[in-house]
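The values are calculated or read from the model by the stated rules, or taken from the named source; none is laboratory data. For clarity, every value in this text was computed on a predicted model and none was experimentally measured. Cβ: placed from backbone, ideal geometry, glycine included. Neighbour counts: every protein chain shown. Areas reflect the complete protein model, heavy atoms only, side chains present, ligands, DNA and RNA absent. Shrake-Rupley method; radii C 1.70, N 1.55, O 1.52, S 1.80 Å.
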Amino acid sequence: MPGQSGGKAGIVPTGEAAKPAGSFELTIIIPTFNERENVRPLIEILSANLTDVTWEAIFVDDDSPDGTAAHVRGLMAEFPNIRCIHRIGRRGLSSACVEGMLASASPYLAVIDGDLQHDLSVLPLMFHTLKRDQLEIVVGSRYVDGGGTGDWARSRVRISGLATRMGSKLLRTPLKDPMSGYFILSRDLLDRTVRRLTGRGFKILLDIFLSSDRTVRFAEIPYTMRSRVRGDSKLDALVVWEFAMLLLDKLVGRFIPIRFIMFVTVGTIGAAGHIAVLGLMTRFLDYPFLVGQSVATAVAMTINFFLNNLLTQRDRKIRGWRLLSGLASFYLACSIGGAVSVVLADFLFGNGIPWWLAGVLGAVVGAVWNFAITSSFTWQRGALRPQAGGPRPTQVTG
Ligand code: GDD
Ligand code: MN
């Protein structure tokens, strides 16, 4: 079975491969963010390994600054079985995988990383195991016998181990590598889980398992993770935050919208800032309560805007100079909630409620109002507008 190395062998000949989209047995979805240099080697390795199945690859790129999407489009003439979904104004590994899977008509769907860290020489075995045993999903697994994390940094192994234990607690199946981003699933499994997916963050596999209303028939095939040769891992503190939100969504998301939980978490941080400024203004600087509450409300709004943009609305994050117009629209959208907060707090304080409790109660009332308004005003508006100076919006190409 051909190995991981590239090479021209197995390149799909143009005549035979010029099959129309929708006539492949296997679609491989590759989420990319700044993977330009890995695209061609990846296609060549796939071609060298998948010689007995008709396949296509869909790169789902989130407007990578390195021009990954344009590079994929430029390779379509040479490799007619590759496509590109160029997403603008939204980010996220899981949502990219979901959109890629939904753009395919194939009965089988594979998800792989675009950085050559997955050992693609086991992909054929994963595919044939899925079909032969009539399973719903086969996972490339680092944590079954024969698998491994290669020379992955020890800190990453520890994070992965912790996340694996947390994910396994929620799962009702003995899946050893729920953090894997390397798997093949049947279209039936996608169809019956897609509408329940959280679809945020990095861990689409865990999301699929936790979105199934019945036990998933699966197998794990060992592989050893390779070192990344080009580019950098996108895993950061925010991905860890989104992983926590994924778990929370699976635990309580049926009852409370996850975005609201994130908004309240951020609001609590904003409220702490609010109380600190209110205390400073009224207790130490002796300003009237109304002035203190007004300044504290403005400070809390500013904290909330930047934290929400970073966390709650990360998939629709506003960047660059548009932050100023975003902040202005946030102030505008929150102005009524802010006014309600100030008037209510001043009324409560004037009727004997302690300054800090009056401040918090006013802030809470304002927060609920602001969540409802800003989710559809500030971030919804910005999400569909291309980044300033960026390419025109493009959806599925080729
Ligand atoms: N479209 C899109 N949008 N792709 C993304 C994004 C994003 O926001 N973030 C990361 N990717 C792509 C990367 O370009 C890469 O192809 C793949 O997703 C994995 O990202 P890495 O940044 O390389 O992840 P890692 O090296 O930390 O690997 C961990 O996560 C992977 C994905 O779940 C490990 O747990 C791997 O086992 C796992 O496959
Ligand atoms: Mn990687």
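What to note about this one:
- Residue in the stretch 184-198 that is closer than 23 Å to Asn34 by Cβ, crowded, with 19+ Cβ neighbours inside 10 Å, of a type outside the set (S, T, N, Q) and within 14 Å of ligand 1 (Cβ to nearest atom) present: no
- Taken over the stretch 345-366, the criterion of being under 16 Å from Ser294 (Cβ atoms) and open to solvent by less than 60 Å² (accessible area, probe 1.4 Å) is satisfied by Ala345, Asp346, Leu348, Trp355, Ala358, Gly359, Val360, Gly362, Ala363, Gly366.
- Qualifying residue in the stretch 257-279 (condition: open to solvent by less than 20 Å² (accessible area, probe 1.4 Å), aromatic (Phe, Trp, Tyr) and outside the structural domain of Trp152 (by TED's automatic domain parsing)): yes
- Residues (part of a helix (DSSP H, G or I) and open to solvent by 10 Å² or more (accessible area, probe 1.4 Å)) located in the stretch 102-120: Leu102
- For Val144: the one exception among (1) surrounded by 14 or more Cβ atoms within 10 Å (Cβ to Cβ); (2) more than 22 Å from Tyr108 (Cα to Cα); (3) within 14 Å of ligand 2 (Cβ to nearest atom): (3)
- When the stretch 199-211 is filtered for residues that are assigned to a loop (DSSP other than H, G, I, E, B) and either surrounded by 22 or more Cβ atoms within 10 Å (Cβ to Cβ) or in contact with a Leu (Cβ under 7 Å, 6 or more places away or on another chain) (or both), the ones remaining, listed by number, are Arg200, Gly201, Phe202, Lys203.
- The lone criterion from (1) surrounded by fewer than 14 Cβ atoms within 10 Å (Cβ to Cβ); (2) touching a strand residue (DSSP E or B) at 6+ places or on another chain (Cβ under 8 Å) left unmet by Ser180 is number (1).
This table checks each residue for (1) within 19 Å of Leu175 (Cβ to Cβ); (2) touching a Lys or Arg at 6+ places or on another chain (Cβ under 9 Å).
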{"position": "Ile88", "(1), (2)": "no, yes"}
{"position": "Arg91", "(1), (2)": "no, yes"}
{"position": "Ser106", "(1), (2)": "no, yes"}
{"position": "Val111", "(1), (2)": "yes, no"}
{"position": "Leu120", "(1), (2)": "no, no"}
{"position": "Arg132", "(1), (2)": "no, no"}
{"position": "Gly146", "(1), (2)": "yes, no"}
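- Qualifying residue in the stretch 231-243 (condition: touching a strand residue (DSSP E or B) at 6+ places or on another chain (Cβ under 6 Å) and open to solvent by 50 Å² or more (accessible area, probe 1.4 Å)): no
- Residue match in the stretch 235-247 (condition: within 16 Å of ligand 2 (Cβ to nearest atom), over 30 Å from Ala300 (Cβ atoms) and at pLDDT below 80): yes
- Per the conditions (1) touching a strand residue (DSSP E or B) at 6+ places or on another chain (Cβ under 7 Å); (2) farther than 26 Å from Arg192 by Cα; (3) within 16 Å of ligand 2 (Cβ to nearest atom), the sole criterion not satisfied by Cys97 is (2).
- Residue within the stretch 307-319 that is open to solvent by 10 Å² or more (accessible area, probe 1.4 Å) and more than 25 Å from the chain's Cα centre (by Cα) present: no
- Scanning the stretch 97-111 for residues that are farther than 18 Å from Leu135 by Cβ and either not polar (S, T, N, Q) or not assigned by TED's automatic domain parsing to the domain that holds Ile29 (or both) gives Cys97, Val98, Glu99, Gly100, Leu102, Ala103, Ala105.
- Residue that is nearest to ligand 1 (Cβ to nearest atom) [pool: residues in the stretch 87-101 that are open to solvent by less than 10 Å² (accessible area, probe 1.4 Å) and under 29 Å from Arg322 (Cα atoms)]: Ala96
- Among residues that are more than 18 Å from Leu123 (Cβ to Cβ), among the acidic types (Asp, Glu) and modelled with pLDDT under 95, Glu16 is included.
- Selection count, the stretch 154-212, where residues are in contact with a helix residue (DSSP H, G or I) (Cβ under 9 Å, 6 or more places away or on another chain), within 15 Å of ligand 2 (Cβ to nearest atom) and without any contact (Cβ under 8 Å) to a residue 40 or more places away in the chain: 1
- Of Ala69, Ala57, Ala48, all but one fail to be touching a residue at least 24 places away in the same chain (Cβ under 8 Å), away from ligand 1 (no atom under 16 Å from the Cβ), open to solvent by less than 50 Å² (accessible area, probe 1.4 Å) and not in a loop (DSSP other than H, G, I, E, B); the exception is Ala48.
- Of everything in the stretch 121-150 that is part of a helix (DSSP H, G or I) and either within 16 Å of ligand 1 (Cβ to nearest atom) or of a type in the set (Gly, Ala, Ser) (or both), the residue that is nearest to Phe209 (Cα to Cα) is Met126.
- Test for Ser325: is it open to solvent by less than 30 Å² (accessible area, probe 1.4 Å) and among the hydroxyl-bearing types (Ser, Thr, Tyr): no
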